[in-house]
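Below you'll find the structure, written out as structure tokens, and then a few comments.
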Amino acid sequence: MRYGANDVLRDVRFQARHGEVLALLGPNGAGKTTTIEILEGFRMRSAGRVDVLGADPANGDERWRARIGVVLQSWRDHGNWRVRELLAHLGSYYQRSWKTHELVEAVGLTAHAAKKIKTLSGGQRRRLDVAIGIVGRPELLFLDEPTAGFDPRARHEFHDLVHRLARDHATTVLLTTHDLAEAGKLADRIVVLAGGRIIADGTQHELARQVAGEDEVRWTQDGTHHTRTTADSTGLVRELFARHGTAIGQLEVRRASLEDTYLALVRQEEMAAR
């Protein structure tokens, strides 16, 4: 993607598999929004090839659009609509939509189904955004910061919903978020975009190996604290107990968190670009 003489995206290559939850991560200005808008068919690319559900998004017709769902960071809605009425109305445009009461229950709005949208709290409106995005039972769902404004319980319930969509309905989910803990919980695979290009693609464990390479194992023995880094933490733990048995205490294995891995990857990219 090029604006004037500036390449915002270059040589971006990745694939989302059927029924997979894929997280697209990257710092502000990395090109995430542009990438997503190209995939959704809302922005024309400058060059390259894009295939979404067997079609070029630039030429996607209404039948193709009915197969995708989009949850934006915010949605300008009609405040005087009632939740149940709006979802029933939107569902009428799709051949395979959710039953309205099931959808309302799935996003945790049953107690608010008869309320006008303008009376909902921020978190409740965010749940409605999600309901609007999945009302047509999409084969591919784009989620942009989906749980912004959710309390911990609502976030947990939403994570369960995403897993059910992928597992039970074979929905492919493309997630963009700055909540790295959320990405770690939801994503089967993670793609990191920085400086307009893909700098990493793999599972959380694969990316951690790529950056850090080793786990950190801590334990005490005879009152002395020990720390060792190793590429095989399981083997080290077995060896420790085989040699020292119950003399081993306070055992802790620390693998690099997704936040550790992400920051290291972005830092490496920034240093390489200097």
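The values are calculated or read from the model by the stated rules, or taken from the named source; none is laboratory data. As the structure is a prediction and not an experimental result, all values here were calculated from the model. Here Cβ is always computed from backbone atoms with ideal geometry, including for glycine, and neighbour counts include all displayed protein chains.
Do you know which of the residues in segment 140-156 that are within 15 Å of the chain's Cα centre (by Cα) and not in a loop (DSSP other than H, G, I, E, B) is farthest from Leu103 (Cα to Cα)?
Of all residues in segment 140-156, those within 15 Å of the chain's Cα centre (by Cα) come to 140-148, 155-156.
Still in the running and not in a loop (DSSP other than H, G, I, E, B): 140-144, 155-156.
Numbers: Leu140: 17, Leu141: 15, Phe142: 17, Leu143: 17, Asp144: 19, Arg155: 17, His156: 17 Å.
Across segment 140-156, the extreme among qualifying residues is Asp144.
Of the numbered conditions (1) part of a helix (DSSP H, G or I); (2) at pLDDT 90 or above, Val70 fails exactly one; give the number of that condition.
Among (1) part of a helix (DSSP H, G or I); (2) at pLDDT 90 or above, the lone unmet condition for Val70 is (1).
Identify the single condition in (1) over 28 Å from Ser121 (Cβ atoms); (2) touching a helix residue (DSSP H, G or I) at 6+ places or on another chain (Cβ under 6 Å); (3) at pLDDT 95 or above that Asp51 does not satisfy, given that it satisfies every other one.
Condition (2) is where Asp51 drops out.
Look through segment 164-196, keep the residues that are in a strand (DSSP E or B) and either not assigned by TED's automatic domain parsing to the domain that holds Val12 or not aliphatic (A, V, I, L, M) (or both), and return whichever of them is farthest from Ile36 (Cα to Cα).
Pass one, segment 164-196, residues in a strand (DSSP E or B): 172-176, 189-194.
Next, only the ones that are either not assigned by TED's automatic domain parsing to the domain that holds Val12 or not aliphatic (A, V, I, L, M) (or both) stay: 172, 176, 189.
Numbers: Thr172: 14, Thr176: 9, Arg189: 17 Å.
My answer is Arg189.
Of all residues in segment 54-63, which are at pLDDT 95 or above and part of a helix (DSSP H, G or I)?
Pro57
Out of the residues in segment 9-26 meeting the condition of being surrounded by 16 or more Cβ atoms within 10 Å (Cβ to Cβ) and more than 14 Å from the chain's Cα centre (by Cα), tell me which one is nearest to Ala183 (Cα to Cα).
Top of the filtered list is Val12.
Name the residue, out of Ala170, Ala208, that is surrounded by fewer than 20 Cβ atoms within 10 Å (Cβ to Cβ) and among the hydrophobic types (A, V, I, L, M, F, W, C).
Numbers: Ala208 fails: surrounded by fewer than 20 Cβ atoms within 10 Å (Cβ to Cβ).
Of Ala170, Ala208, the one residue that is surrounded by fewer than 20 Cβ atoms within 10 Å (Cβ to Cβ) and among the hydrophobic types (A, V, I, L, M, F, W, C) is Ala170.
Checking the structure you have, find out if any residue of segment 115-123 is out of contact with any Cys (no Cβ under 6 Å at 6 or more places or on another chain), surrounded by fewer than 20 Cβ atoms within 10 Å (Cβ to Cβ), assigned to a helix (DSSP H, G or I) and at pLDDT below 90.
Kept after step one, since they are out of contact with any Cys (no Cβ under 6 Å at 6 or more places or on another chain), are these residues of segment 115-123: 115-123.
Restricting the remaining residues to those that are surrounded by fewer than 20 Cβ atoms within 10 Å (Cβ to Cβ) gives 115-123.
Subset that is assigned to a helix (DSSP H, G or I): 117-119, 122-123.
Within this subset, residues satisfying the condition of being at pLDDT below 90 are 122-123.
Yes, the conditions are met somewhere in segment 115-123.
Return the residues of segment 233-246 that are touching a residue at least 12 places away in the same chain (Cβ under 8 Å) and surrounded by fewer than 15 Cβ atoms within 10 Å (Cβ to Cβ); say none if nothing qualifies.
Across segment 233-246, the qualifying residue is only His244.
Scanning segment 197-232 for residues that are part of a helix (DSSP H, G or I) and touching a Lys or Arg at 6+ places or on another chain (Cβ under 9 Å), which turns out nearest to Ala256 (Cα to Cα)?
Ala208
Looking at Arg96, Arg137, Arg127 in this structure, which one is in the same structural domain as Gly31 (by TED's automatic domain parsing) and assigned to a helix (DSSP H, G or I)?
Arg127
Taking segment 247-258 as the search range and keeping residues that are modelled with pLDDT of 90 or more and out of contact with any Ser or Thr (no Cβ under 7 Å at 6 or more places or on another chain), which one is farthest from Gln204 (Cα to Cα)? First the steps, then the outcome.
Going through segment 247-258, the residues modelled with pLDDT of 90 or more turn out to be 247-253.
After this cut, where a residue has to be out of contact with any Ser or Thr (no Cβ under 7 Å at 6 or more places or on another chain) as well, the list is 247-248, 251-252.
Values: Ala247: 33, Ile248: 29, Leu251: 23, Glu252: 20 Å.
Among residues in segment 247-258 that are modelled with pLDDT of 90 or more and out of contact with any Ser or Thr (no Cβ under 7 Å at 6 or more places or on another chain), the one farthest from Gln204 (Cα to Cα) is Ala247.
Just one of Gly91, Gly60, Gly69 is under 30 Å from Val8 (Cβ atoms), buried (at least 19 other Cβ atoms within 10 Å of the Cβ) and not hydrophobic (A, V, I, L, M, F, W, C); which is it?
The match here is Gly69.
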